[in-house]
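K.L.:
Please read through the structure below; I'll follow up with questions.
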Amino acid sequence: MALVQVENVSKIYQTGEIEVAALSNINLSIDKASFVTFVGPSGSGKTTMLNLIGCLDKPTRGKVIVNGKQVNAFNRKQRAGFRGFVLGFIFQSFNLFPVLTAYENIEFPLVMIKNESASKRKDMIMSLLDSVGMQDQKDKFPDQLSGGQKQRVAVARALVTRPKLVMADEPTANLDKKSAVNVIRLMREMRDKYDTTFIFSTHDPGVMEEAEVVHTLVDGKLV
Ligand code: ADP
Ligand code: MG
């Protein structure tokens, strides 16, 4: 069975009198351990799509099934729990805690969510630091790291809870071309290593090329 199934999904935003159809009747499925991107011009619905799959928002109509659960029927608390245990997130602006070191940033979700022993936690974090090539930078604070290095830490942080699915909305938008492609390749290596599905969005053609499956949105419709 697919890891993600989106069935007849529409999302309409209502601001006062004005309705905006951000997504119209979307159907798609995403396989386990796949490496998928959503592309399209600004305003085409990429963020809305990722927010629905990432349980950050609910569709106006239709079903979103993730890891066998119909997440569109979840309440706020169920969504939060599901995000914590099943999903990982990587952000455009890294969103690292400035007062925590690289090591402590990666540790943070484990402290919040999982009740692992200190030694198990350390093994997991050190092995991820190694996987993302940041072991020798582990005691640095975010403002001592380059954009590409910060995003490497963020990739490790997204993986530390062993999520089924990592969501990344425009994860390379704040990086130079070379770092952007390197971060995407790192994400793909992590998919190979941990069998984690990655779904990201971009409008950068160089970054798009690195994906294995490309879904194109135009005006809220899949083309
Ligand atoms: P993208 O990420 O591809 O730029 P979005 O998903 O952010 O596209 O937006 C799709 C459409 O929905 C746009 O027309 C945008 O203006 C509208 N939209 C997005 N979020 C909201 C919101 N919270 N309220 C009203 N309209 C929104
Ligand atoms: Mg967006």
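K.L.:
Looking only at ALA118, ALA154, ALA80, which one moves most when the chain is put into a Gaussian network model with springs between Cα atoms under 10 Å?
P.N.:
Sorting by GNM fluctuation, first place goes to ALA118.
K.L.:
Before I look further, what does region 52-168 give for accessible area per residue, probe 1.4 Å, in whole square angstrom?
P.N.:
On the way: 5720 Å² over 117 residues.
Accessible surface, normalised per residue, equals 49 Å².
K.L.:
Cut-off 10 angstrom, C-alpha nodes, Gaussian network model of the chain. Which of THR37, THR60, THR47 fluctuates the most?
P.N.:
THR60
K.L.:
Would you mind classifying region 41-100 by shape? Square roots of the alpha carbon gyration tensor eigenvalues, ordered a ≥ b ≥ c; an a/c under 1.5 is rounded, otherwise it is prolate if a/b is larger than b/c and oblate if not. Walk me through the intermediate numbers first.
P.N.:
Working: a/c = 2.54, a/b = 1.27, b/c = 2.00.
The shape class here is oblate.
K.L.:
Next up: Could you give log10 I(q)/I(0) at q = 0.09, 0.10, 0.16 Å⁻¹ for the chain, computed by the Debye formula over C-alpha point scatterers of equal weight, without solvent?
P.N.:
-0.36, -0.44, -1.10
K.L.:
Using a probe of 1.4 angstrom, how much of the accessible area of the chain is carbon and sulfur, in percent?
P.N.:
On the way: 5260 of 10810 Å².
The C+S portion of the solvent-accessible surface of the chain is 49 percent.
K.L.:
Here's another thing I want to ask about it. Whole Å is fine, so just give me how far the alpha carbon centre of region 44-72 lies from that of region 149-164.
P.N.:
If we compute the Cα centre of each part, the gap is 22 Å.
K.L.:
Give me the percent relative contact order of the chain, please, defined on Cα pairs under 8 angstrom at least 6 residues apart.
P.N.:
On the way: 428 pairs, mean separation 67.0, N = 223.
This gives 30 percent for the chain.
K.L.:
When the Debye formula is applied to the Cα atoms of region 149-212, each taken as the same point scatterer, what base-10 log of I(q)/I(0) results at q = 0.15, 0.17, 0.24, 0.29 Å⁻¹?
P.N.:
With no solvent term, the Cα-only Debye profile gives -0.40, -0.51, -1.05, -1.51.
K.L.:
Follow-up. From zero outward in steps of 10 Å, how is the percent of C-alpha pairs of region 1-54 spread across the bins?
P.N.:
21, 52, 22, 5, 0
K.L.:
Using just the Cα positions, wrap region 1-104 in a convex hull and report its mean projected area in square nanometres, one decimal place. Please list the in-between numbers first.
P.N.:
Numbers: hull surface 34.9 nm².
Over all viewing directions, region 1-104 projects a mean Cα-hull area of 8.7 nm².
K.L.:
Output the antiparallel fraction of DSSP beta bridges having both residues in the chain, as a percent to the nearest 5.
P.N.:
On the way: 18 of 36 bridges.
In the chain, DSSP labels about 50 percent of beta bridges as antiparallel.
K.L.:
First check a/c for region 81-167, with a ≥ b ≥ c the square roots of the eigenvalues of its C-alpha gyration tensor; if it is under 1.5, answer rounded, and if not, answer prolate when a/b is larger than b/c or oblate otherwise.
P.N.:
On the way: a/c = 1.70, a/b = 1.24, b/c = 1.37.
Oblate.
K.L.:
Per residue, how much accessible area does region 170-223 have with a 1.4 Å probe, in Å²? Kindly include the intermediate steps, with their values, before the conclusion.
P.N.:
Details: 2670 Å² over 54 residues.
Spelled out: the 1.4 Å probe surface of region 170-223, per residue, equals 49 Å².
K.L.:
Tell me what the chain gives for mean residue ellipticity at 222 nm when only DSSP H runs of n ≥ 4 count, each as -39,500 (n - 2.57), the sum divided by the residue total, rounded to 500 deg cm²/dmol. Don't jump to the answer; show the numbers that get you there.
P.N.:
Values: 7 runs with 80 residues, N = 223.
About -11000 deg cm²/dmol.
The values are calculated or read from the model by the stated rules, or taken from the named source; none is laboratory data. Quick caveat, the model's predicted, so the values are computed rather than measured. Heavy atoms of the whole protein, side chains included, go into the accessibility calculation; ligands, DNA and RNA do not. Shrake-Rupley method; radii C 1.70, N 1.55, O 1.52, S 1.80 Å.
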